[in-house]
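The values are calculated or read from the model by the stated rules, or taken from the named source; none is laboratory data. Keep in mind that this is a model prediction, so the values were computed, not measured. As a convention, Cβ positions derive from the backbone with ideal geometry for all residues, glycine included, and neighbour counts pool all protein chains shown. SASA here: full protein model, heavy atoms, side chains in, ligands and nucleic acids out. Shrake-Rupley method; radii C 1.70, N 1.55, O 1.52, S 1.80 Å.
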Amino acid sequence: MKLKSLLALFAAALTLGYTALANAQTPQLGIDYTVYSPVQPTDAGNKIEVTEFFAYTCSHCADFEPLLAPWVKKLSKDVSFRRVPVIFRPQFVPAAKIYYTLEAMNLLDKLHAAVFDAIHKEHADLLDEKALFAWVASKGVDAKQFAEIYNSFAINSKVERANQITRAHAIPGTPALVVNGKYLIASLDHDRQLKVADFLIAKIRAEKKKK
């Protein structure tokens, strides 16, 4: 075979290789994400909504949080982020109540990550109310006020709503990301989840500009 032909074959092989690599890196429907039909409602108005479905007791969610938190801080102004604690079973209710109580007291920035650390690194049983109230007191929080809010009708209503949202989205496991009520990203590769989320956000943003 002539040198020219060999070089042409080599170039073609390289092109195929680069194409395969690019395709592997580009998020694929049915592999990296799935599509909801019908699309689920969102609460973000005209903004692109990203929802994390999580559980404080989930070790994968604990591993995801250090990657997710800085990612959220860098989101553009046209993107809205929210969290929904999953209620797969009744045992998930106390953890969901912790989240919504912290939210009600404006303590998520201070204690959201700390709850993960307490459960997964310090092995604290925060699902036990006595242990939970003692823990929040150790963090400088008014334990009596926390307990009142934790056991309030408002928090129980939010937990029930979280249960409804979890079921409506048919969340297969945690952590899961849902983009704009349309795309579900469920994967244990946390870096990949965020890359796919970025891809889908850009996709939705481009589609909006075409309208």
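Compute the angle between helix 59-73 and the longest alpha-carbon principal axis of the chain, please, reported from 0 to 90 degrees and rounded to the nearest 10. The two axes meet at around 80 degrees. Between the listed residues 159, 87, 204, the Cα displaced farthest toward the positive end of the dipole of the chain, a dipole computed from Cβ unit charges relative to the Cα centre, is found at 204.
Taking every alpha-carbon pair under 8 Å whose residues sit at least 6 apart, the chain reaches a relative contact order of 32 percent. Nonpolar atom fraction for the stretch 87-187, defined as the carbon and sulfur part of the 1.4 Å probe accessible area, stands at 52 percent. A simple packing score, the average count of other Cβ atoms within 10 Å per residue, orders the peptides 78-88, 30-40, 124-134 as 78-88, 124-134, 30-40, with the highest score first. Taken about its Cα centre, the stretch 21-119 carries a charge dipole of about 160 debye when Lys and Arg each add +1 at the Cβ and Asp and Glu each add -1 at the Cβ. Solvent exposure of the chain amounts to 57 Å² per residue of accessible area, where only protein heavy atoms count and the probe is 1.4 Å. Once the Cα atoms are used to define both axes, helix 153-168 deviates from the longest principal axis of the chain by about 30 degrees. Can you give me the C-alpha center-to-center distance between the stretch 97-113 and the stretch 52-79, rounded to a whole angstrom? With the stretch 97-113 and the stretch 52-79 each reduced to a Cα centre, they are spaced 14 Å. Computed from the alpha carbon positions, the gyration tensor of the chain leads to an equivalent ellipsoid with semi-axes of 42, 20, 15 Å, biggest first. Axis of helix 129-138 versus longest Cα principal axis of the chain: the two differ by about 80°, to the nearest ten degrees. Between residue 139 and residue 170, the modelled labels are 3.5 nm apart [label points 7 Å from Cα along Cα→Cβ].
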